[in-house]
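Every read-out reported here was derived from the displayed coordinates using simple, explicitly stated rules and does not represent laboratory data. Because the structure is predicted, anything quoted here is derived from the model rather than measured. Here the Cβ positions follow ideal geometry from the backbone for every residue, glycine too, while neighbour counts run over all protein chains shown.
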Amino acid sequence: MTDMVTTARGVATEAHAGQVDKVGRPYIEHPAAVAARLTTVDEQVVGWLHDVVEDTDTTLAALRATGFTVEQVMAVDAMTKRPGEPLADSIARVMADPIAPRVKRADVSHNADPARLALVQDTATLARLQAKYERTAALLGTTLDAVLAEFGVRP
């Protein structure tokens, strides 16, 4: 793991401390799983950081001040959903960035992993999430099965 990836892991771990995901697991497990699916340093950094601006008090300026590159911070910005923003607009911003599309596919592959979704108890929530991930994959120009396969997840 490079110094930059180690720094990203530390920032994400601190920023997400105490948070839990939809099934009650420590939230940091999600960015860890996303980063583990990626190969380049830029992708791994953004994988670790992809939710810190959206879900914590961390700012893009703070990420830049920590030493992350302009390209890495721009990719985090591309991955950051805005309040009230339609999914199509969010994904269009992701697609316009050179790093973010693969990170977003890795993000979707972890969120839509059947083993992870099996932990969701509420059937309405499960159906809503499944539909969201399928729509996200379509907006990314692919299918959910293809996204899962890209990262070795069995549908």
Rounded to whole Å, sorted largest first: equivalent-ellipsoid semi-axes of the chain, Cα gyration tensor
23, 17, 15
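At a 10 angstrom cut-off on C-beta neighbours, averaged per residue, how do the peptides 5-12, 123-130, 93-100 rank from highest to lowest?
Packing proxy ranking, top to bottom: 5-12, 93-100, 123-130.
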Run the helix sum for the chain: -39,500 (n - 2.57) per DSSP H stretch of 4+ residues, divided by residue count, reported at 222 nm to the nearest 500 deg cm²/dmol.
-18500 deg cm²/dmol
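Could you work out the relative contact order of the chain, using alpha carbon pairs under 8 angstrom and six or more residues apart, expressed as a whole percent? List each step's numbers first, then the result.
Details: 191 pairs, mean separation 30.1, N = 155.
Contact order relative to length: 19 percent.
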Residue by residue, what Karplus-based ³J(HN,Hα) values in Hz, rounded to whole numbers, does region 89-105 have, using 6.51, -1.76 and 1.60 with θ = phi - 60° and x for Gly and Pro?
5, 4, 6, 4, 5, 4, 5, 7, 9, x, 9, 4, x, 5, 5, 5, 5
